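Remarks on the structure that follows.
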Amino acid sequence: QKEVEQNSGPLSVPEGAIASLNCTYSDRGSQSFFWYRQYSGKSPELIMSIYSNGDKEDGRFTAQLNKASQYVSLLIRDSQPSDSATYLCAVMNTGNQFYFGTGTSLTVIP
Amino acid sequence: KAGVTQTPRYLIKTRGQQVTLSCSPISGHRSVSWYQQTPGQGLQFLFEYFSETQRNKGNFPGRFSGRQFSNSRSEMNVSTLELGDSALYLCASRQGVNYGYTFGSGTRLTVV
């Protein structure tokens, strides 16, 4: 079983819609969770971090964490073509080691 | 504040050679990690250093090694290069244990 799993997509949404990206993790004791955005040919960029159950909002982005279900999600409201990228979920496990999912490719269609 | 700096940006090496990649973390960041990224495998963890000590190591052969200096700068070395080592090598630093990583622009290594 992989430490972090994501649906690889591709996910396509129309401009202005909500994009929903999901991630599950295997280490129940994990405490820190992150979302990264990676544009083609660029390095990953940290966009959200979440540590407690519930929602955390930052502009058009909302991260959601459910530790009981070992599930993390990222919602992008009012999606823009500039949001088209690969989104990587990262989890820090009980050994303080970072694991990344393989990423979900998102395309926002104008 | 300067970001994570990796040098060189691009490298072309021949099978069997060795290569050294360099990384300067963000000032004040003592934790440095290295990742290999390929289209098929995604981001694969190589190793993490903190205060000159290797704290974690991924599942890579012994040909991959690294070190961290007292100023937190880090290097990774790959010996006896194989064609499959062609990848983007990313260095990342973080402020502390519960913080996310900030990545450098990467070194794209091509082995021919």
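The numbers here are math on the coordinates, done by the rules we state, and not lab data. If you're wondering where the values come from, they're calculated on a predicted model, not measured in any experiment. Heads up, the Cβs are rebuilt from the backbone with ideal geometry, glycines too, and the neighbour counts pull from every protein chain shown.
Return the sequence-ordered ³J(HN,Hα) values of segment A:101-110 in whole Hz as given by the Karplus equation 6.51 cos²θ - 1.76 cosθ + 1.60 applied to θ = phi - 60°, using x for Gly and Pro.
x, 7, x, 10, 7, 10, 10, 9, 8, x
Can you list the HN-Hα couplings for segment B:39-46, worked out from phi with the Karplus curve (6.51, -1.76, 1.60; θ = phi - 60°), rounded to whole Hz and with x for Gly and Pro?
Per-residue couplings from phi come out as x, x, 10, x, 8, 10, 6, 9 Hz.
Pick out, from B:Ser72, B:Gly84, B:Phe47, the residue whose Cα sits farthest towards the positive end of the charge dipole of chain B, with +1 on the Cβ of Lys and Arg and -1 on the Cβ of Asp and Glu.
Checking the options against the dipole of chain B, the answer is B:Ser72.
Mind checking B:29-35 for the average number of partner chain beta-carbons within 10 Å of each residue's beta-carbon?
1
Once you charge only the Cβ atoms, +1 for Lys and Arg and -1 for Asp and Glu, what is the size of the charge dipole of segment B:5-112 about its Cα centre, to the nearest 20 debye? Write out the running numbers ahead of the final one.
Values: 11 positive and 5 negative charges, 15 e Å.
Using Cβ point charges on Lys, Arg, Asp and Glu, segment B:5-112 gives about 80 debye.
Nearest 5 is fine: what % of DSSP beta bridges in the protein assembly as shown come out antiparallel, could you say?
90
Under 5 Å between amide hydrogens, which residues at least 5 positions from A:Cys23 or on another chain qualify, with H placed 1.01 Å from N in the peptide plane?
A:Val72
Considering every pair of different Cα atoms, what Kirkwood radius, in Å, is found for chain A?
When all Cα pairs of chain A are included, the Kirkwood radius is 13.8 Å.
Once phi is turned into ³J(HN,Hα) by the Karplus curve 6.51 cos²θ - 1.76 cosθ + 1.60 with θ = phi - 60°, what whole-Hz value does each residue of segment B:68-85 show in order, with x for glycine and proline?
10, 9, 5, 8, 6, 4, 9, 10, 10, 10, 10, 9, 6, 4, 10, 4, x, 7
What is the Cα centroid distance between segment A:2-54 and segment B:27-75, reported in whole angstrom?
Comparing the Cα centres of segment A:2-54 and segment B:27-75, I get a distance of 22 Å.
Report the charge-dipole magnitude of chain A in Debye, nearest 20, computed about the Cα centre from +1 at each Lys and Arg Cβ and -1 at each Asp and Glu Cβ.
That gives chain A a dipole magnitude of about 160 debye.
Where is the GNM fluctuation largest for chain A (alpha-carbon springs, 10 angstrom cutoff): A:Asp78, A:Asp58, A:Asp27?
Comparing A:Asp78, A:Asp58, A:Asp27 in a Gaussian network model of chain A, the most mobile one is A:Asp58.
For the protein assembly as shown, with only Lys/Arg (+1) and Asp/Glu (-1) charged at the beta-carbon, what is the dipole magnitude about the Cα centre, in debye rounded to 20?
580
Among residues other than A:Val108 whose Cβ falls under 15 Å from its Cβ, what is the net charge (Lys/Arg +1, Asp/Glu -1)?
With Lys, Arg at +1 and Asp, Glu at -1, the neighbours total 0.
Counting only C-alpha contacts under 8 Å and six or more residues apart, can you give the relative contact order of segment B:21-105 as a whole percent?
On the way: 171 pairs, mean separation 29.3, N = 85.
Averaging sequence separation for qualifying contacts and normalising by length gives 35 percent for segment B:21-105.
If amide hydrogens are placed 1.01 Å from N in the peptide plane, which non-local residues have theirs closer than 5 Å to the one on A:Ser12?
Those lying under 5 Å, H to H, from A:Ser12 are A:Thr107.
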